[in-house]
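The values are calculated or read from the model by the stated rules, or taken from the named source; none is laboratory data. In this text the structure is predicted, and so the values were computed from the model without any measurement. FYI the Cβ positions are ideal-geometry reconstructions off the backbone, even for glycines, and counts take in every protein chain you see. For accessibility, only protein heavy atoms count, side chains too; no ligands or nucleic acids. Shrake-Rupley method; radii C 1.70, N 1.55, O 1.52, S 1.80 Å.
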Amino acid sequence: MNVIRLFRSSLPIYVIHLVLALIVLLPLAFALVSSFRPLDEIYKYMSPVTWKTFWPTQFTLEAYRSLFTERGFGQIFLNTFFIGITTVLGGLLLGSMAAFAFVYLEFRGKSALFLLVLVTFMIPFEVISIPLYSLVNKLGWIDSYAGIIVPGVVNGLVIFLFRQFFLELPYSLVESARIDGASWLRVYAGIVMPMCKPVTVSASLLIFIQQWESFMWPLIATRSKQYKVIQVALSDFITEYGTYWNEMFAAAMLSVVIPVMLLIPLQRYYVQGIANTGSKE
Amino acid sequence: MRSEKNIGTILLFLFPALAGLVLFKLYPILSGFVQSLYTTTFITGGRSFVGLQNYISLFTDPVFWNSLKVTLLFNVIINPLQILLAFFLALLLNAKIKRIAWFRSVHFVPVAISVPTACMLWNIMLSPEQGVVNSILAALGLPQQPFLGSSSQALGSIIAIASWKGVGYWALFLLAGLQEVPTSLLEASSLDGASRWKQMIHIVYPMLKRPLTFVVVSVTTANFLLFSPMYILTKGGPENSTDVLMFESFNNAFLYSDLGRSSSIVVTLLLITLTIVAFQFRWLKTSH
């Protein structure tokens, strides 16, 4: 459907799109360019606006080097990756197993329990962060990897995504395996999960991006440098190292580049995964 | 299969996930509510039951009323704005032109940018002395603006930043809905002389209802609970102009260690959000 047939040619649409694309990309382009400038040149060409405002005259990787040598971004990167990947693995396993039970096993109170799952994915971390802090504190997990990872592992939305996918799979495959005497664990690991690639991709993206971008919870749940994650490190830049603009831009680029690399090629899965959530009740 | 009685299997598959949800989602919600009925006693370090006292003291406090006002003002502007912009963007991204996939990808980029990063970048872009935006304004012969530094522009600036980050994301869901509208139906109706507006109301809107409901509800909950831009950019200022309830709650918990008050703010905020979401659901179900 071409709703934009208000215009005779497609030229005005291109113009609108180009302007919108510029607005969207401007801060990123500016950050990228600035991250390659030496510190004393960051604001040199800011006003009046010339081509030099948007292009580094002296290209340097100093900011990136300094992030890794002085500010411990190696550790911060490792932490964020470790937390993201662990949460993805745990979340995929627990989420898919629960969804499997909801689709293939019969037990009492199934719909009530599933309703409970639905309720939980509407509760954001921000809202429960304060009582969650008390709980995690009692468990002795404040300032540890467990404190950041464990509360985020089980995700109601992931259970829901897997359930929607299982409902679409041909039931006869599972049935014949059961008649052949396969255990449920075998059906899960040997038959159902190998067919689940698309939903596994979208669920992994969802969990990974969620952890990569989480800010408030790691901010509260950790104190020491040892467990710092990228978003918290970025917010430190605003308050603590306000003068190292080039490093700040470089840090922002580093925080953006991983999700962009994951999301742009896989955007179809990501949107489909979430769009599916509304399709069946 | 119906006679599955193996409790062990069911527990193995279900228990770990359910335990996680109960412990880390449901329990904190309930305990937050309970917390809001208590006050922390500093001498003993314990807490004592005060019933609705936290709520009563909230409702008699001008700081709370200001923060409620800011929260409502913020949401009254940002939610319709983001939904409308997302809709128009979805229409634009649905245009049948070459390389449209590139433009779709461009609007997906902010999805990959976290709120803290978005805040940081725009904070510099909007800086009064050295910001690119003011340089561009100057180049165009327009007056420079204080943006986040002024009590009349700070909230608007945060709305703009949050929309820059969010609109492309929401547009993608509406775009997915638009692509399901059958072209033949539109062509047939325009042959019958239906106006573009009529087509919108009678063909496009009903098909868009499912993604639209998702977008409306998600946008509303996300914005009511939005707090990191205020924490990172303005700390609720200038002159409390960006002091939203979620930020107040955070301050009460982690700055003033008043968990009871903090929880009662969250409970109030959740009740407001739920009421509005319930109305949205009803409105989207009944219209047409």
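Taking B:L245 as the residue in question, decide whether it is aliphatic (A, V, I, L, M), surrounded by fewer than 22 Cβ atoms within 10 Å (Cβ to Cβ) and within 12 Å of another protein chain (Cβ to nearest Cβ). Against the criterion (aliphatic (A, V, I, L, M), surrounded by fewer than 22 Cβ atoms within 10 Å (Cβ to Cβ) and within 12 Å of another protein chain (Cβ to nearest Cβ)), B:L245 does not qualify. Checking each residue in segment B:214-239 for being among the hydroxyl-bearing types (S, T, Y) and either within 9 Å of chain A (Cβ to nearest Cβ) or open to solvent by 10 Å² or more (accessible area, probe 1.4 Å) (or both) picks out B:S218, B:T221, B:S228, B:Y231, B:T234. Among the residues of segment B:138-161, not a single one is in the same structural domain as B:L270 (by the TED database), farther than 28 Å from B:I265 by Cα and touching a Lys or Arg at 6+ places or on another chain (Cβ under 9 Å). Can you find a residue in segment B:62-79 that is under 30 Å from B:P182 (Cα atoms), of a type outside the set (S, T, Y) and modelled with pLDDT of 95 or more? Yes, segment B:62-79 contains at least one residue that is under 30 Å from B:P182 (Cα atoms), of a type outside the set (S, T, Y) and modelled with pLDDT of 95 or more.
The rows are residues; the columns are (1) modelled with pLDDT of 90 or more; (2) at the interface with chain B (Cβ under 10 Å from one of its Cβ atoms); (3) in contact with a strand residue (DSSP E or B) (Cβ under 7 Å, 6 or more places away or on another chain).
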| position | (1), (2), (3) |
| --- | --- |
| A:N2 | no, yes, no |
| A:R5 | no, yes, no |
| A:S10 | no, yes, no |
| A:V15 | yes, no, no |
| A:L22 | yes, yes, no |
| A:L25 | yes, yes, no |
| A:F30 | no, yes, no |
| A:F36 | yes, no, no |
| A:E41 | no, no, no |
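Take B:I124 and tell me if it is in contact with a Phe, Trp or Tyr (Cβ under 6 Å, 6 or more places away or on another chain), assigned to a helix (DSSP H, G or I) and either within 8 Å of another protein chain (Cβ to nearest Cβ) or crowded, with 22+ Cβ neighbours inside 10 Å (or both). Here the answer is no, as B:I124 does not meet what is asked. Being open to solvent by 30 Å² or more (accessible area, probe 1.4 Å), closer than 28 Å to A:L266 by Cβ and away from chain A (no Cβ under 14 Å) is true of B:I83. Going by what's in this entry, would B:V115 be described as at pLDDT below 90, facing chain A (nearest Cβ under 9 Å) and open to solvent by less than 30 Å² (accessible area, probe 1.4 Å)? No: the conditions fail for B:V115. In summary, no helices (runs of 4 or more DSSP H) completely within segment A:153-258 bear 1 or more residues that are without any contact (Cβ under 8 Å) to a residue 12 or more places away in the chain, touching a strand residue (DSSP E or B) at 6+ places or on another chain (Cβ under 7 Å) and within 9 Å of chain B (Cβ to nearest Cβ).
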